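Engineer: Can you read through this structure? Questions will come right after.
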Amino acid sequence: MLITESYVDVATQAGGDMRILLFHPSIPAYPKAKFPGVVVFSEIYQVTGPVARFARQICSQGYIVAAPSSYHEFTGPEPLAYDGPGTDKGNEWKVAKKLAAYDEDATLSITHLLSLPTCTGKIGTTGMCLGGHLAYRCALDPRVSAAVCYFATDIHSATLGEGKNDDSLKRAGDIKGELVMIFGKMDNHVPPAGRDLIRKTLHEAGVTFSFYEPAWAQHAFIRDELSKGRYDPAISGICFAMLTELFARTLRSDLGPRSGEDVEIEDVC
């Protein structure tokens, strides 16, 4: 599947225009083809090369991908470098930005996808690090059918945004779509107790979710550049297969309304 790339700058109430990078599937001889939409949220460095390549991977499976630049209140849409100054700036802005502004970014991104005549109206979301948390919060929007959250930071500690007092776990019951939560067991940004808290909260809130913890994966293991030596392409491939399974089942299939009834589990070998 071919890909066309563009962008749109969207005005925000929080401040500045948010640039949404768009990755659109293109099938020759099918000019009226329609596709589901996926919002991809980036790590603290905005939409870097690895994030753009991740977006293209998803797009190549037949999804219109929207990748918003998160720090429009503070800077332009250009990505930060994977170095000390870039990391410091990203971490500074992560907690300077208002929680409501993060949610506004998600709302605007979903709304833009739904405004496209080539979108089927089905929406999913994914992201990594900060973006994993933002994908989780994006799933609070009832228009989102599925979310894949890679090593989402700050959910367990409720420390996202200005004031470091988010309500993400408290609102778990608002998630009506299906989640896949992925954390490396060697991820020191989200310790075992934090992962246990997230899992327990999702269970108690009745969220439909899968939870995967590859044994040897560190934080940011899907980032396909080697500046920090954590990229694991084998595990990344397995996780991407989980993403494509979820999105294909929930976004590309017409399942009809969910009945809400319990699934009978047989006690047999």
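None of the figures in this text is laboratory data; all of them are computed from the coordinates on show. The model shown is predicted, which means the values in this text are computed figures rather than measured ones. Backbone-built Cβ (ideal geometry, glycine too); neighbour counts: all protein chains shown.
Engineer: Do the sum for the chain: with -39,500 (n - 2.57) for every DSSP H run of n ≥ 4, divided by all residues, what is the mean residue ellipticity at 222 nm, to the nearest 500 deg cm²/dmol?
Structural biologist: Value at 222 nm, helices only, nearest 500: -10000 deg cm²/dmol.
Engineer: May I pose another question? In the stretch 2-251, what % of DSSP beta bridges are antiparallel (nearest 5)?
Structural biologist: Taking every DSSP beta bridge within the stretch 2-251, about 35 percent pair in antiparallel fashion.
Engineer: Counting only other residues whose beta carbon sits under 11 Å from that of SER69, what net charge do I get with K and R as +1, D and E as -1?
Structural biologist: That works out to -4.
Engineer: I've got another one for you. Under Stokes-Einstein, with the Kirkwood radius over Cα pairs standing in for Rh, what whole-number D in µm²/s applies to the stretch 122-220 at 10 °C and 1.306 mPa s?
Structural biologist: Translational D for this selection: 121 µm²/s.
Engineer: Now for a separate question. Where does each of HIS203, HIS133, HIS219, HIS72 land when they are ranked from fewest to most other beta-carbon atoms within 10 angstrom?
Structural biologist: Placing the least packed residue first, the sequence is HIS203, HIS219, HIS72, HIS133.
Engineer: Between beta-carbons, use under 10 Å as the cut-off and find the net charge around VAL39, counting Lys and Arg +1, Asp and Glu -1.
Structural biologist: Net charge in that neighbourhood comes out at -2.
Engineer: If you don't mind, another one. Two decimals, Cα atoms only, Kirkwood Rh: what is Rg/Rh over the chain?
Structural biologist: Rounded to two decimals, Rg/Rh equals 0.95.
Engineer: Still on this structure, I have one more. Fewest first, what order do THR87, THR4 take by the number of other Cβ atoms within 10 Å?
Structural biologist: Sorted ascending by nearby Cβ count, the order is THR4, THR87.
Engineer: Provide CYS239, CYS149 in ascending order of the number of other Cβ atoms located within 10 Å of each residue's Cβ, fewest first.
Structural biologist: Going from least to most buried by this count: CYS239, CYS149.
Engineer: If you count, for each residue, the other Cβ atoms within 10 Å and average over each peptide, how do 8-14, 165-171 line up from highest to lowest?
Structural biologist: So the order, starting with the most tightly packed, is 165-171, 8-14.
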